1. Quick test for you: out of 76, 83, pick the one residue that is among the aliphatic types (A, V, I, L, M), surrounded by 15 or more Cβ atoms within 10 Å (Cβ to Cβ) and more than 12 Å from the chain's Cα centre (by Cα).
2. Determine if segment 121-143 includes at least one residue that is touching a Ser or Thr at 6+ places or on another chain (Cβ under 6 Å) and among the basic types (Lys, Arg).
3. Taking the condition of being surrounded by 15 or more Cβ atoms within 10 Å (Cβ to Cβ) and part of a helix (DSSP H, G or I), how many residues in segment 119-147 meet it?
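Every number in this text was worked out from the coordinates using simple rules, so none of it is lab data. What you see is a predicted model; the values in this text were computed from it and never measured. Methodologically, a virtual Cβ is constructed for each residue, glycine included, from the backbone with ideal geometry; neighbour enumeration extends over all protein chains shown.
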Amino acid sequence: MQLVSYEKTITAQLLRIANCRYMPRTPAESIQSAIFTLGIQRIEDILLSNCFSNLVPRDKWVVDPAVFWRHSFGCALVCREFAERIDYYDPDKAYLAGLLHDLGIIVNSLAYTDEYRTVLAEAFQSGRPLDEQEKQTLEFTHCESGVILGKTWQLPEAICEVIEWHHDIEHAPPTNH
């Protein structure tokens, strides 16, 4: 029963993102419509993000997961748009980099739940950038913990560089990507 509910949730998200006006009669038609409109790669990215949401226990989310994923999807879409405008050779890689850039927030939420709640509260109250508050309180940032996971997962080097340097681009090493 839960699988059917999960399938309907994913289908609804896919159709909403595809902005599909067609109202399919069956789940299979829904999925076919979304695949046609969005493409396989984007569907895989959406499924990946849904899996992340379900992997992290609710009590470990230090930020609202819906807000986190809206932010990630927004960054992914902006990255793809910029990549296309500048004729970057791989807009899909830019999209994935935007989607995963804050991977370290998930890592820190899981590994340091209580401490990370404090970091976020202090950053919010002081108006200080999150990475600066992390560095002061934890002595590392979500960029650093995120890139460790990215390398462990053997993500492409360009994706790992985005995860590592997205808050400190002026110190990022030159790249050929």
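1. Working: 76 fails: more than 12 Å from the chain's Cα centre (by Cα).
The unique qualifying residue is 83.
2. Of segment 121-143, the ones touching a Ser or Thr at 6+ places or on another chain (Cβ under 6 Å) are 131, 134-135.
Of the ones still in play, those that are also among the basic types (Lys, Arg) are 135.
Within segment 121-143 (the criterion being touching a Ser or Thr at 6+ places or on another chain (Cβ under 6 Å) and among the basic types (Lys, Arg)), the answer is yes, since at least one residue qualifies.
3. Of the residues in segment 119-147, the ones surrounded by 15 or more Cβ atoms within 10 Å (Cβ to Cβ) are 119-120, 122-123, 130-131, 133-135, 137-138, 140-147.
Then drop every residue that is not part of a helix (DSSP H, G or I), which leaves 119-120, 122-123, 130-131, 133-135, 137-138, 142-147.
Matching residues across segment 119-147 total 17.
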